[in-house]
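What follows is a single structure, written as structure tokens, with notes after it.
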Amino acid sequence: MKTHVSKLKKSKILVTGGAGYIGSHTLVELDLAGYDFVVYDNFCNSSKESLRRVSKLINKNILFENGDIRDSEKLQQLFTKYNIEHVIHFAGLKAVGESVETPIKYYDNNVNGTLVLLDCMKKNNCKKIVFSSSATVYGDPSSTPIEEDFPLNPTNPYGKSKLFIEEILRDVFISDPEFKIVLLRYFNPVGAHVSGTIGEDPSGTPNNLMPFIAQTAVGKREFVSVFGDDYNTHDGTGVRDYIHVVDLAQGHLKAIQIINNITEVLTLNLGTGNGYSVLEMIKAFEKASSKNIPYKIERRREGDIASCFADPSYSFEVLKWKATKTLDEMCKDSWRWQSNNPNGYK
Ligand code: NAD
Ligand code: WQD
């Protein structure tokens, strides 16, 4: 009896950008839930070491291909080689400041890259995608907590690239309702796997607060610059919705588990619903690490907003998911990663 070869291949999730911070943590959760995956990454902001560590954690070899999402030939080879049923699309550039300096690079990588990926998916009849969007698409919200139907008004090329991709995905669905599309808007991912073996490894000086605090605690930086203490918040410093990266990773797992049932493009906030100020973050990290963290109040960073946190109730309704890890766990896990790996994966 003849059976088509491709039918014999077990279906896989293609994880673009799977070697990165959120991607690597998601691989662990996918494996725990019994999913097979293949990683596609050009390692422009990550290293193979993260995959080696994930492999050790899950005690399995990881399938990965080194390639760029803008390389349609290479992507086609991947779709030919594997039976890809879903895509979790993390690959992208994410530094806000850099995106203002080099918008063409950002639009090319993020928007063009996603177009090439979608074209390849469609040609190969792969129509399920979970996309990494960002709370940055809301810009400066008129109130908090932020609900998914709030106005969208990103203020920099990075944020706009996320919004453009969301719009492209909505149009793809209109043109072909067989597509199953989940847009996940992350708030502020922090923390690390509890093993302390994988975590966030920013290159150069960190832009984000948590890695900056962690590097100060470990002695790599002298002090934390607090960007403004005159915001209209309870202590004057910026308030954000920090979410543990493992909670975030589990949100992706839930999205994959319900994706077959959706009948429209699903847009979800992935946040905790709690807002913490910069000073509260510094204090919480001091407690978790038993280190003194010096800080200086400096002027506001351009483009920053006072307060941003999610209303996560729709995600809970749809995914039956909510973030469970506490601020103390976020700080303890970040500290374990940072203190065990003061130079990241290097
Ligand atoms: P990351 O930089 O650690 O991971 C992104 C990965 O994508 C990296 O491994 C990088 O090498 C890869 N990549 C980038 N461009 C590529 C390309 N053209 N082809 C192939 N691979 C490419 O970032 P992260 O924090 O894990 O973020 C993952 C996704 O989530 C990104 O799309 C980011 O914009 C989005 N996001 C991140 C945050 C955050 O604060 N970390 C918040 C909201 C949204
Ligand atoms: C958090 C708070 C700062 C650094 C960014 C992107 C967003 C998303 C997540 C991808 C703010 C303050 C920071 C420092 C400080 N990424 N701060 N000293 O700005 O909320 O979001 O990352 O999608 O798009 O814009 O995160 O960690 O940079 O800042 O005082 O050295 O910490 O002013 O109030 P942000 P962040």
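Contact order, relative form, for region 1-86: 37 percent (alpha carbon pairs under 8 Å, 6 or more residues apart, mean separation divided by residue count). Between amide H atoms placed 1.01 Å from N, distances below 5 Å from Leu270 occur with Arg185, Tyr186, Phe187, all of them 5 or more places distant or on a separate chain. Summed over the residues of region 217-272 and divided among them, the accessible surface reaches 37 Å² per residue at a probe radius of 1.4 Å.
Applying 1/(1 + (r/R0)^6) with R0 = 25 Å to the Cβ-Cβ distance of Asn261 and Ser195, what FRET efficiency is obtained, to the nearest 0.05?
That gives a FRET efficiency of 0.15.
Could you tell me whether region 88-233 comes out rounded, prolate or oblate from its Cα gyration tensor? Rule is a ≥ b ≥ c as square roots of the eigenvalues, rounded for a/c under 1.5, then prolate if a/b exceeds b/c, otherwise oblate. Prolate shape, in that a/c is at least 1.5 and a/b is the bigger ratio.
Which of Lys60/Lys346; Lys60/Lys128; Lys128/Lys287 have a Cα-Cα distance over 31 Å?
Lys128/Lys287
If you plug the beta carbon distance of Asp119 and Arg301 into 1/(1 + (r/R0)^6) with R0 = 35 Å, you get a FRET efficiency near 0.40.
Ligands, DNA and RNA aside, Ile104 has an accessible area near 140 Å² when probed at 1.4 Å. Per-residue Karplus couplings for region 118-123, computed as 6.51 cos²θ - 1.76 cosθ + 1.60 with θ equal to phi - 60°, are listed in order as 5, 4, 5, 4, 4, 4 Hz, Gly and Pro entered as x. Accessible surface for Ser289 stands near 10 Å², nearest 10, in the context of the full protein assembly shown (1.4 Å probe). Straight-distance candidates among the aspartates and glutamates for linking to Lys12, with alpha-carbon spacing under 18 Å and chain neighbours fewer than 8 residues away dropped: Glu29, Asp31, Asp36, Asp41, Glu65, Glu85.
Under 18 Å from a label point set 7 Å out along the Cα-to-Cβ vector of Ser339, the amide N atoms of region 268-299 belong to 282-294. For Lys220 and Cys44, a Förster radius of 25 Å and the Cβ-Cβ distance give a FRET efficiency of 0.60, rounded to the nearest 0.05. Fully extending the segment from Ile58 to Lys81, taken as 0.36 nm per residue of separation minus the present Cα-Cα distance, adds 6.0 nm. Once backbone amide H atoms are built at 1.01 Å from N, Val226 has Lys296, Ile297, Glu298 as its partners under 5 Å, excluding neighbours fewer than 5 places away on the same chain.
Solvent-accessible surface (1.4 Å probe) assigned to Ser307 amounts to roughly 30 Å². Listed here are the pairs Lys74/Lys122; Lys94/Lys180; Lys9/Lys122; Lys220/Lys332; Lys296/Lys332; Lys48/Lys94; which of them are more than 21 Å apart at the Cα? Too far apart for the 21 Å limit: Lys94/Lys180; Lys296/Lys332.
Computed from Cα positions, the angle between helix 72-81 and the longest principal axis of the chain comes to roughly 60 degrees. The string of couplings for region 137-149 from the Karplus curve (6.51, -1.76, 1.60, θ = phi - 60°) is 5, 7, x, 8, x, 6, 7, 10, x, 8, 9, 4, 8 Hz, one whole number per residue in order, with x for Gly and Pro.
The tail of the calculated P(r) for region 1-108 beyond 25 Å holds 26 percent of all Cα-Cα pairs.
Just to be sure I understand: of the beta bridges DSSP finds with both ends in the chain, what percent are antiparallel, rounded to 5? That works out to approximately 5 percent antiparallel. Residues Val15, Val111, ordered by accessible area of protein heavy atoms at a 1.4 angstrom probe radius and largest first, appear as Val111, Val15. Accessible surface ranking for Phe316, Phe187, Phe223, 1.4 angstrom probe, highest first: Phe316, Phe223, Phe187. Which whole-angstrom value gives the distance between the alpha carbon centres of region 231-299 and region 20-96? Taking the Cα centre of each part, region 231-299 and region 20-96 sit 24 Å apart.
The mean sequence separation of alpha-carbon pairs under 8 Å and at least six residues apart, normalised by the residue count of the chain, gives a relative contact order of 19 percent.
When N is the residue count of the chain, what does its C-alpha Rg come to as a fraction of 2.2 N^0.38 Å?
So the chain has a normalised radius of gyration of 0.97.
Computed from Cα atoms, the angle from the helix 327-340 axis to the main principal axis of the chain rounds to 80 degrees. When the residues Leu209, Leu115 are ordered by accessible surface, computed with a 1.4 Å probe over the protein chains alone, the sequence from largest down reads Leu115, Leu209. Amide H contacts for Leu63 (H built 1.01 Å from N in the peptide plane; partners 5 or more residues away or on another chain; cut-off under 5 Å): Val39. Applied to region 255-271, the Karplus parametrisation 6.51 cos²θ - 1.76 cosθ + 1.60 on θ = phi - 60° returns per-residue 3J(HN,Hα) values of 4, 5, 5, 9, 4, 5, 8, 7, 10, 8, 5, 9, 10, 9, 7, 10, x Hz, with x for Gly and Pro.
The values are calculated or read from the model by the stated rules, or taken from the named source; none is laboratory data. On a predicted model such as this, the values are computed, not experimentally measured, just so you know. When we count neighbours, we look across all protein chains shown, and the Cβ atoms used for this are built from the backbone with ideal geometry, even at glycine. When the accessible area is computed, the model is the full protein with side chains, heavy atoms only, and any ligands, DNA or RNA have been set aside. Shrake-Rupley method; radii C 1.70, N 1.55, O 1.52, S 1.80 Å.
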